[in-house]
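What follows is calculated from the coordinates using simple rules that are stated; it is not laboratory data. Bear in mind the structure is a predicted one, so any value in this text is a computation, not a measurement. Cβ placement follows ideal geometry from the backbone for every residue including glycine, while neighbour counts extend to all protein chains displayed.
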Amino acid sequence: MEREVVERAVERFRDRVASLRRQAERRVDQLREEADTAATDLRSQLSALESQLQQLQQEANTSEETGERRSEELSSRLAELQDRAENVASAVEQTSSSMEERFGSTQQSREERFGETVREQEQRFATSLLVWESELEEKKAKLGEDTDALRRELGEQLAEAKRVLGFSAAASTYGANSIEARRQEQTANRWRWIGIGLLVAAVGAAIGLLVWRGPPDDMTVAGMFVFFLPRLGVTSLIGAIAAYALREAGRHRARERLARQAAIDIESFRPFLVELPESERNEEIRHAARRQFFAGGGGTVGGSELDGRT
């Protein structure tokens, strides 16, 4: 853009110089026309005088009888005409020299004015160029400052976005762990009540079978096997189902504890996690994942251990 402005200024300067040159040429042509007109007038006067002289000579030749007086008049008239011719010739020479002097002085003065105009335009152009260069440097400096400020603002916005994203991710993870803990708690309670119910049923069945149709007094050893074996099998089956239900309750209870511990860790460590550098934050996330899913590993922040909360 600055280059185009400079080129337009140079083009305007060139047009101005060409206009001045055309004006000087027109003035020179005008002076030449004036000189030619004056010379033509003088030539016409000389021609008129010559024609009069010839006419007088013809009259003298045709009027020889006029005598000496007429001859004297003709001689005086001829001398007068010669003097006038000499005066006209000297006037023509003076006019020509005057025109040449005027033309030379005018041409010289126009050349001097043209040179002064060119120098003024050059100085003005150089001054404008310096002003444009200084304005361009100021604009570049201001643009650099604006760019640095924009970069700093973008960096702050990016850091704030990371903070918000970290809080959002931690909040969603905490919510997911809390929901999982409640679900595992409900499942563990359901299996526990099923196991307790089956265990009570097994004990009640054993007592009921012993009370209902108890063993006779004269029962032999073989009869005791026949009597107790079916009752023991039924009780053992119910007890095995109760044990399975209680074991499932214990497994779901362990998952509940793990989910609650993960939620507690996230909730307590979340305000500090987003303040860590990205490399340390990623390392802490990996350690937390190993603690949760593989029951091992410990994280550090600035060289201090963060394990031992579970």
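The table for this structure:
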item	result
Fully extended contour minus Cα-Cα distance, from S44 to R32, at 0.36 nm per residue	2.5 nm
FRET E, pair E73, Q121, Förster distance 51 Å, beta-carbon r, rounded to 0.05	0.15
